[in-house]
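The values are calculated or read from the model by the stated rules, or taken from the named source; none is laboratory data. None of the values given here were measured: they were computed from a predicted structure. Positions of Cβ are generated from backbone atoms using ideal geometry, with glycine treated the same way; all protein chains shown enter the neighbour counts. What goes into the accessible areas is simple: the full protein's heavy atoms, side chains included, and nothing from ligands, DNA or RNA. Shrake-Rupley method; radii C 1.70, N 1.55, O 1.52, S 1.80 Å.
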Amino acid sequence: MSLVHAVEVPRRPVSRLKPVIGARRFEQVTQAAERTRAVLAGRTIWNVNSTAVGGGVAEMLQVLVGYVQDLGIAIGWLVISGDAEFFAITKRLHNEIHGSLHGAPLGAAEAVHYAQMLAANAVELAARVRPGDVVLLHDPQTAALAAPLAQAGARVVWRCHIGVDWENEVTRAGWEFLRPHLAAAEAYVFSRPNYVPSWVPAAKAWIIPPSIDPFSPKNQPLAVGTVQAILARLGVLDGATPMVPATFVRRDGDMDMVTRPAVVIGEGHPSPGDPVLVQVSRWDRLKDMAGVMRGFADYVVPSGDGHLMLVGPAVQDVSDDPEGAAVYGECLLQWRDLSPAARARILLVTLPLDDVDENAAMVNALQRHAAVIAQKSLAEGFGLTVSEGMWKGRPVIGSAVGGIIDQIAEGTGILLPDPADLMAFGSAARLLLGDPDQAARIGQAAHAHVREQYVGDVHLLRYARLLGTLIGEG
């Protein structure tokens, strides 16, 4: 049994971006690709992370690896394995870096198990990676791979997708756990400047925000009838079944249909014309699904319009997040204790993840049907669901934390200064659910902002500059 497996990613034609980004930006991408091919001179870029499905990192890799292949650059994606204890440790580490401590701090026993698990993965990785290849290690699950891969001759870059703008004893403990493992990295990539730990040399720190792909199953255009057909298949809407099929386009260009239902907990379903507030997240305490539910129940249900859908993945399908089942269970218990009026207007929805493209199409339809999208996180590395919702022309209510601050510019959504202020969240939700014209104006501005800042060409250009610097100095 292999610990490391390769993810096969379909080639994605970069030319499709040209009508979206314009001729000038498209030319910059093709010129950067030409320079990067020359710099790499036969080397391969390897992305290494801990899961092929679930979460924004896996979704971005599906897109960016496909585009880079189309640009004629050798690139691969490898996923490591771990046992239950390893992923429990890395989840606690994830929480610590976000300043949240559940249970005792990580100690010597956890450090040994973490290092041993990654040392075993490193044996297989070193057999695949050639000297001179560039390895992009993603997030805390991979940090202890830096030294053995560097010893094997790889040029190692550690890419951290998480962080907070402040520090306390908990965050410092998380970084101190990782720091010894990262000394061998030649460069470090973060989503925001404030996420860079003080011990990372300024010359080795790179800031590369993530991006969306307008043509992925999660973001591609869907007709209103198709949206309703997908939602009817999921089982989240009342009303007659639409006459059009629940179709979408896969990453490889093939047409397919959404066939799997969601698991839906609720005592009432919205009709197609009812305004809906949607939050799509992992079942993670830092995403605060429970707070969204409480804020809606207490401050929207009594005097406002609309329904709430809290949408997350089927918890058994996300192998690297052992807290998911517990958090989903807590939300179920909380929902059960709501008033009958609130239970009739709040749905808990879990989506199957066994088909990544179909899952993405489900999320796409849910976000396009939404009148308003929420991302009321308590902490957030970047929160790409914000840009995804904005791309669809929807106003987003987001917490003023992490990368959400960068995405929601003035006039493109509503930022909540205090994520724990449920009254303010409820007030924002009532405002936008009850005023479709204002919601539409904000959504239009949101779409334009994402087009300028968070489409994949910008992302690729930043990595091209990193690689040019890294290999040029090598």
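Output the number of residues of the stretch 89-115 satisfying the condition of being in a helix (DSSP H, G or I) and either crowded, with 19+ Cβ neighbours inside 10 Å or out of contact with any helix residue (DSSP H, G or I) (no Cβ under 9 Å at 6 or more places or on another chain) (or both).
Just the residues of the stretch 89-115 that are in a helix (DSSP H, G or I), to begin with: 89-97, 108-115.
The next check asks that each one be either crowded, with 19+ Cβ neighbours inside 10 Å or out of contact with any helix residue (DSSP H, G or I) (no Cβ under 9 Å at 6 or more places or on another chain) (or both); those that pass are 89-97, 108-110, 112, 114.
Of the residues in the stretch 89-115, 14 are in a helix (DSSP H, G or I) and either crowded, with 19+ Cβ neighbours inside 10 Å or out of contact with any helix residue (DSSP H, G or I) (no Cβ under 9 Å at 6 or more places or on another chain) (or both).
Would you please list the contacts, defined by Cβ atoms under 9 Å and residues six or more apart or on different chains, that run from a residue in the stretch 54-83 that is within 17 Å of residue 353 (Cβ to Cβ) and in a loop (DSSP other than H, G, I, E, B) to a residue that is open to solvent by 20 Å² or more (accessible area, probe 1.4 Å) and of a type in the set (D, E, K, R)?
Close Cβ pairs satisfying both conditions: 54/282; 54/317; 55/282.
Within the stretch 262-371, which helices (runs of 4 or more DSSP H) (wholly inside it) include 2 or more residues that are hydrophobic (A, V, I, L, M, F, W, C), open to solvent by 10 Å² or more (accessible area, probe 1.4 Å) and closer than 22 Å to residue 382 by Cα? If you could, list the steps in order and put the result at the bottom.
Numbers: elements: 289-299, 324-336, 340-343, 356-369.
Here the list reads 356-369.
Please go through the stretch 207-219 and pick out each residue that is under 24 Å from residue 264 (Cβ atoms) and open to solvent by 10 Å² or more (accessible area, probe 1.4 Å). I'd like the intermediate steps shown before the answer.
Narrowing the stretch 207-219 to residues under 24 Å from residue 264 (Cβ atoms): 217-219.
Hit for the stretch 207-219 is 218, nothing else.
Among (1) among the hydroxyl-bearing types (Ser, Thr, Tyr); (2) open to solvent by 50 Å² or more (accessible area, probe 1.4 Å); (3) not in a loop (DSSP other than H, G, I, E, B), there is one condition residue 226 misses while meeting the rest; what is its number?
Among (1) among the hydroxyl-bearing types (Ser, Thr, Tyr); (2) open to solvent by 50 Å² or more (accessible area, probe 1.4 Å); (3) not in a loop (DSSP other than H, G, I, E, B), residue 226 violates only (2).
Scan the stretch 59-82 for residues that are within 15 Å of residue 29 (Cα to Cα), open to solvent by 30 Å² or more (accessible area, probe 1.4 Å) and in contact with a Leu (Cβ under 9 Å, 6 or more places away or on another chain) and report the count.
Residues in the stretch 59-82 being within 15 Å of residue 29 (Cα to Cα), open to solvent by 30 Å² or more (accessible area, probe 1.4 Å) and in contact with a Leu (Cβ under 9 Å, 6 or more places away or on another chain): 0 in total.
Grab the helices (runs of 4 or more DSSP H) fully contained in the stretch 412-474, keeping just those with 1 or more residues being surrounded by fewer than 16 Cβ atoms within 10 Å (Cβ to Cβ) and basic (Lys, Arg).
Details: elements: 422-434, 436-453, 456-473.
Hits in the stretch 412-474: 436-453, 456-473.
If you check every pair at least six apart or on different chains, which have Cβ atoms under 8 Å apart with a residue in the stretch 166-185 that is hydrophobic (A, V, I, L, M, F, W, C) first and a residue that is open to solvent by 100 Å² or more (accessible area, probe 1.4 Å) and part of a helix (DSSP H, G or I) second?
Going by the 8 Å Cβ cut-off, the qualifying pairs are 184/151.
Mind telling me which of the residues 387, 377 ends up being assigned to a loop (DSSP other than H, G, I, E, B), under 28 Å from residue 237 (Cβ atoms) and under 15 Å from the mean Cα position of the chain (by Cα)? It would help to see each step written out before you state the result.
Numbers: 387 fails: assigned to a loop (DSSP other than H, G, I, E, B).
Residue meeting the stated conditions: 377.
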